[in-house]
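Step one of this worksheet: look at the structure below.
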Amino acid sequence: MGYEAKLRIWRGDDGSGELRDYTVEANEGEVVLDLIHRLQATQAPDLAVRWNCKAGKCGSCSAEINGRPRLLCMARLSAFRPEEVITVTPMRTFPVIRDLVTDVSYNYVKAREIPAFTPPPELEPGEYRMQQVDVQRAQEFRKCIECFLCQNVCHVIRDHEENKPAFAGPRFLMRIAELEMHPLDVADRRDAAQTQHGLGYCNITKCCTEVCPENIHITDNALIPMKERVADRRYDPVVWLGNKLFRR
Ligand code: SF4
Ligand code: F3S
Ligand code: FES
């Protein structure tokens, strides 16, 4: 049964903006992105929103609904009371381009800083062999749709623009962990994780894990194991002695 939904949407650009109220027709089974599309079609043709699949798979429609990072296409209207005002704002951690669209290029910069998968030089493609358990471990991380909601919610950069150069964020620290756990990757990821990608900034608040639409256990399965591997390396007495003796 249809009803009139109340939307409050942030309108503006990188200079200034404001929250504007709209009333939009809503129907059973719809999601917040449906309301935004109807708003574009009927009242606000210039409203900017990024989306592609409307199926929770492209990671484009990330925004904040009532202050909580969400995919707009996965936010069912049935989770809100019909009289409730649904406030939609752009992701806060990234600069606004216009309305609900943010500039997420920070994430692509961080992605490029991580060296690619590095197999042993003597192995040709097609000769790679690994245990099923190792395949499965990486598969969880490969579910990532790069929505950047975890990057958006992490307090290390959400309120601290100055930390961005030194911190890769949970999505990319997870990528480093994935490669570090790969039995055929011969690159040493541990020192770089700490010194170049800012693993030490993460204090395990787990907000990233809470908002991940793919339910990836980012903190427990990637970040904490990576911290343990870094600690093993840095605080191993044999490694410590070796560093003292040979790295002077
Ligand atoms: Fe999105 Fe989850 Fe990937 Fe982060 S890890 S970018 S929240 S899918
Ligand atoms: Fe940030 Fe996730 Fe660590 S939210 S502090 S990267 S556990
Ligand atoms: Fe693709 Fe929402 S439109 S994830």
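We did not get these values from a lab; they are worked out from the coordinates using the rules stated. Being a predicted model, the structure only gives us computed values, none of them experimental. Note that we place each Cβ from the backbone using ideal geometry, even for glycine, and neighbour counts take in every protein chain shown.
Note on the stretch 23-33: among residues that are among the charged types (D, E, K, R) and either within 11 Å of ligand 3 (Cβ to nearest atom) or assigned to a loop (DSSP other than H, G, I, E, B) (or both), the one that is nearest to the chain's Cα centre (by Cα) is GLU30.
Scanning the stretch 40-65 for residues that are of a type in the set (A, V, I, L, M) and either in contact with a Leu (Cβ under 6 Å, 6 or more places away or on another chain) or assigned to a loop (DSSP other than H, G, I, E, B) (or both) turns up ALA44, LEU47, ALA48, VAL49, ALA55, ALA63. Listed by first and then second residue, the pairs linking a residue in the stretch 188-209 that is near ligand 2 (Cβ under 10 Å from one of its atoms) to a residue that is not in a helix (DSSP H, G or I), with Cβ atoms under 7 Å apart and 6 or more places separating them unless they lie on different chains, are GLY198/PHE167; GLY198/ALA168; TYR201/PHE167; CYS207/CYS154; CYS208/CYS154; THR209/HIS217. For the stretch 44-57, the criterion of being touching a residue at least 60 places away in the same chain (Cβ under 8 Å) and out of contact with any helix residue (DSSP H, G or I) (no Cβ under 7 Å at 6 or more places or on another chain) is satisfied by at least one residue.
Of the candidates ASP99, ASP34, the single residue that is in contact with a Pro (Cβ under 9 Å, 6 or more places away or on another chain), surrounded by 13 or more Cβ atoms within 10 Å (Cβ to Cβ) and more than 30 Å from HIS197 (Cα to Cα) is ASP99.
Table: residues versus (1) exposed (fewer than 14 other Cβ atoms within 10 Å of the Cβ); (2) aliphatic (A, V, I, L, M); (3) more than 13 Å from ligand 1 (Cβ to nearest atom).
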site	(1), (2), (3)
VAL109	yes, yes, yes
PRO121	yes, no, yes
TYR128	yes, no, yes
GLN131	yes, no, yes
CYS144	no, no, no
VAL156	no, yes, yes
ASP159	yes, no, yes
PHE167	no, no, yes
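Somewhere in the stretch 71-80, is a residue outside any strand (DSSP E or B) and surrounded by fewer than 16 Cβ atoms within 10 Å (Cβ to Cβ)? So far as the stretch 71-80 goes, yes, one or more of its residues are outside any strand (DSSP E or B) and surrounded by fewer than 16 Cβ atoms within 10 Å (Cβ to Cβ).
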